[in-house]
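The values are calculated or read from the model by the stated rules, or taken from the named source; none is laboratory data. Since this is a predicted model, take the numbers as computed values, not measurements. Counting neighbours? That spans all protein chains shown, and the Cβs are built from the backbone with ideal geometry, glycine included.
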Amino acid sequence: MPLRISFFLCTLLLLAGCANNSVFTPYPVRAGVYTHAISSHNLTPALTETRKIGSGRDVLLARLEEGRLAQLEGDYPASLKAFAEADRLIRQAEDKALISASQTANQGLSLVSNDNAIPYRSPAYEQVLLHSYQALNYVAANNREGALVEMRQAQRLQDKARDAHDGEDTSTGLSTAAMEHYNGELTNLDNLAKRTGSAVQNPWSLYLAGVLYESGKQWDDAYIDYKRALSLAPDHPQLQLDVIRLALQLNRREDLSPLKLPAAPAPRKPRENEGFVVVMYEEGLAPPRQELFLPFPWPEAWYVLAIPYYPQAWQAATPLRVEAAALKQPVQTQPLADIQALSARALRDRMLSLLTRQTLRAQTKHQMQKESRDKGGELLGMLVGAYNLISEQADLRSWLTLPRFAHIARFPLPEGEHEIRLNGASTVRLTVNRQRLTLLRVVQVDNQFYTAAWPL
């Protein structure tokens, strides 16, 4: 036929092979099995599902979800293996200096379907958390050096992504009127994104690095990371105490004046028979993205763009209450990282390029429908038009087993065995060593608690 109907039919066949990934089935629907597994404390079926995905456009997401689920289940070797494979896939994608034939095909396919046809690329904030969680796997294996290697990787990622973002091109080719309309529709996404100054910098991960350095008596390195975390969360009481404590210990009182910290007594050192418990608490699950349909004016017709966004209003964090017989009063965690805000900021930062690609796709689909109608008749034109409508779906993919908020707390306890009560609903036993740190990791989703404690 004069019309390139064969190309269109081949495209449909290619997309039919995508039915079991996110091209036509929104990722949050498919990932529901993972999030339900965490909230019901039944992780085995979800892990089985992740391991069925060994290739394809969503394989990186499958390894990230697998690593998280296996870690919560306490299978640290399996989690370490999954996260290592996720890291390998990320580096493999980044190391490709030239665009491969498969990448070209995926980009072309996305112009006649949607962005889900492009292999998933993990944003920097997810990669930072990947290395932070991998560090916890090494902590569980009593390998502090391995954990610190991961935290240095997380730090390099934050530095690299920050520098790359500083030089980012923000042009789109869209009209001013179109951009004003789109920005008006994305107000709630903007409000979420503004809750963090960066889509990359994660003070919770920096604090974890500081704790690991401090456990090895690498005071200078710990002090640097605590100060960096404090620069991102200057009003955080625990960070203020830790920076003051190490500044005094390292005889760097001159550092405190520029920080403009509130007047407070020097944090007390643990008594001779005490150690400190450091709580790293993860609350809830990051909400999934949703689909927003925006009108796209074309000279001959109006088309619709499918845009990912967060419609939810900001949800305040809920502290974890920690109690122990040796504590005079309960300790409450303090939120340090808003993971939803990081995700919203990452999405907002790439919205301009996303809108540009969406408008290009709308133009491509319009031309495809017009050519089909002109050269193949009204019926083919109607079929292509129906396909264009059905295939227009937003890319809602993100790592959905991440927490919504990450908190910290620190308090002294006498050396020995202790039973810790969490929100009066769960207990965990831990060992406190004299003049040492004990890391207590708590994840809460709905009424389910996942806990682990490691002397450092």
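Assuming PHE296 fulfils every condition listed in (1) more than 30 Å from LEU396 (Cα to Cα); (2) modelled with pLDDT under 90 apart from one, which condition is it?
The one condition PHE296 does not meet is (1).
Filter segment 59-93 down to the residues that are surrounded by fewer than 24 Cβ atoms within 10 Å (Cβ to Cβ) and within 13 Å of PRO119 (Cα to Cα) and list them by number.
VAL59, LEU89, ILE90, GLN92, ALA93, listed by residue number.
Out of the residues in segment 225-244 that are assigned to a helix (DSSP H, G or I) and out of contact with any helix residue (DSSP H, G or I) (no Cβ under 9 Å at 6 or more places or on another chain), which is surrounded by the fewest Cβ atoms within 10 Å (Cβ to Cβ)?
PRO237
Looking at (1) outside any loop (DSSP other than H, G, I, E, B); (2) surrounded by fewer than 12 Cβ atoms within 10 Å (Cβ to Cβ); (3) at pLDDT 95 or above, which is the only condition LEU148 fails?
So LEU148 meets the others, but not (2).
Return the residues of segment 319-341 that are assigned to a loop (DSSP other than H, G, I, E, B) and either buried (at least 23 other Cβ atoms within 10 Å of the Cβ) or under 22 Å from the mean Cα position of the chain (by Cα) (or both); say none if nothing qualifies.
Those that are assigned to a loop (DSSP other than H, G, I, E, B) and either buried (at least 23 other Cβ atoms within 10 Å of the Cβ) or under 22 Å from the mean Cα position of the chain (by Cα) (or both): PRO319, LEU320, THR333.
Residue by residue through segment 194-205, note down the ones that are modelled with pLDDT of 85 or more and surrounded by fewer than 22 Cβ atoms within 10 Å (Cβ to Cβ). Before the answer, list the steps.
Residues of segment 194-205 modelled with pLDDT of 85 or more: 194-196, 200-205.
Passing the criteria: LYS194, ARG195.
Suppose the filter is among the hydrophobic types (A, V, I, L, M, F, W, C) and over 18 Å from the mean Cα position of the chain (by Cα); does ALA37 pass it?
yes
Which of the following residues is closer than 26 Å to GLU419 by Cβ, without any contact (Cβ under 8 Å) to a residue 12 or more places away in the chain and not small (Gly, Ala, Ser): PRO319, PRO330, PRO335? Before the answer, list the steps.
Working: PRO319 fails: without any contact (Cβ under 8 Å) to a residue 12 or more places away in the chain; PRO335 fails: without any contact (Cβ under 8 Å) to a residue 12 or more places away in the chain.
Among PRO319, PRO330, PRO335, only PRO330 is closer than 26 Å to GLU419 by Cβ, without any contact (Cβ under 8 Å) to a residue 12 or more places away in the chain and not small (Gly, Ala, Ser).
Take segment 438-456 and flag every residue that is under 20 Å from the mean Cα position of the chain (by Cα) and either of a type in the set (Gly, Ala, Ser) or not in a strand (DSSP E or B) (or both).
Result: ASP446, single match.
Taking segment 415-429 on its own, how many of its residues are at pLDDT 95 or above, surrounded by 15 or more Cβ atoms within 10 Å (Cβ to Cβ) and in a strand (DSSP E or B)?
5
Please pick out the residue among ALA452, ALA386, ALA406, ALA344 that is surrounded by fewer than 21 Cβ atoms within 10 Å (Cβ to Cβ) and at pLDDT 70 or above.
Working: ALA386 fails: at pLDDT 70 or above; ALA406 fails: surrounded by fewer than 21 Cβ atoms within 10 Å (Cβ to Cβ); ALA344 fails: surrounded by fewer than 21 Cβ atoms within 10 Å (Cβ to Cβ).
Result: ALA452 is the single residue among ALA452, ALA386, ALA406, ALA344 that is surrounded by fewer than 21 Cβ atoms within 10 Å (Cβ to Cβ) and at pLDDT 70 or above.
Of the conditions (1) assigned to a helix (DSSP H, G or I); (2) modelled with pLDDT of 85 or more, LYS160 fails just one. Which one is it?
Only one criterion in (1) assigned to a helix (DSSP H, G or I); (2) modelled with pLDDT of 85 or more is unmet by LYS160, namely (2).
Identify, please: which residue in segment 58-75 is assigned to a loop (DSSP other than H, G, I, E, B) and out of contact with any strand residue (DSSP E or B) (no Cβ under 8 Å at 6 or more places or on another chain) and is, among those, modelled with the highest pLDDT?
So the residue we want is ASP75.
Would you point out which residue out of ALA93, ALA78 is assigned to a helix (DSSP H, G or I), at pLDDT below 90 and within 22 Å of GLN153 (Cβ to Cβ)?
Among ALA93, ALA78, only ALA93 is assigned to a helix (DSSP H, G or I), at pLDDT below 90 and within 22 Å of GLN153 (Cβ to Cβ).
Output the residue which, of all residues in segment 437-449 that are in contact with a helix residue (DSSP H, G or I) (Cβ under 7 Å, 6 or more places away or on another chain) and surrounded by 15 or more Cβ atoms within 10 Å (Cβ to Cβ), is farthest from TYR207 (Cα to Cα).
Residues of segment 437-449 that are in contact with a helix residue (DSSP H, G or I) (Cβ under 7 Å, 6 or more places away or on another chain), as a first pass: 437, 439, 441, 443, 445-446, 448.
Add one more test, that the residue is surrounded by 15 or more Cβ atoms within 10 Å (Cβ to Cβ), and what stays is 437, 439, 441, 443, 445, 448.
Numbers: LEU437: 14, LEU439: 12, ARG441: 13, VAL443: 17, VAL445: 22, GLN448: 25 Å.
Going through the qualifying residues, I end up with GLN448.
Among the listed residues ASN137, ASN116, which satisfies the condition of being at pLDDT 95 or above and not charged (D, E, K, R)?
ASN137
So SER55 fits all but one of (1) buried (at least 22 other Cβ atoms within 10 Å of the Cβ); (2) modelled with pLDDT under 95; what number is the exception?
Of everything listed in (1) buried (at least 22 other Cβ atoms within 10 Å of the Cβ); (2) modelled with pLDDT under 95, SER55 misses just condition (1).
Residues to consider are ALA316, ALA286, ALA247; find the one that is within 26 Å of ASN202 (Cα to Cα), of a type in the set (Gly, Ala, Ser), in a helix (DSSP H, G or I) and modelled with pLDDT of 85 or more.
That would be ALA247, the only listed residue that is within 26 Å of ASN202 (Cα to Cα), of a type in the set (Gly, Ala, Ser), in a helix (DSSP H, G or I) and modelled with pLDDT of 85 or more.
What is the one condition in (1) at pLDDT 90 or above; (2) in contact with a His (Cβ under 7 Å, 6 or more places away or on another chain) that MET280 does not satisfy?
All conditions pass for MET280, except number (2).
Limited to segment 1-49, what total is found for residues that are basic (Lys, Arg) and either part of a loop (DSSP other than H, G, I, E, B) or modelled with pLDDT of 90 or more (or both)?
Here is the first cut: in segment 1-49, the ones basic (Lys, Arg) are 4, 30.
Now narrow it down to the ones that are either part of a loop (DSSP other than H, G, I, E, B) or modelled with pLDDT of 90 or more (or both): 4.
Selection size over segment 1-49: 1.
Among residues belonging to segment 209-224 that are free of Cβ contacts under 8 Å to residues at least 40 places away in the same chain and crowded, with 22+ Cβ neighbours inside 10 Å, point out the one that is nearest to LEU336 (Cα to Cα).
Taking the candidates together, the pick is GLY210.
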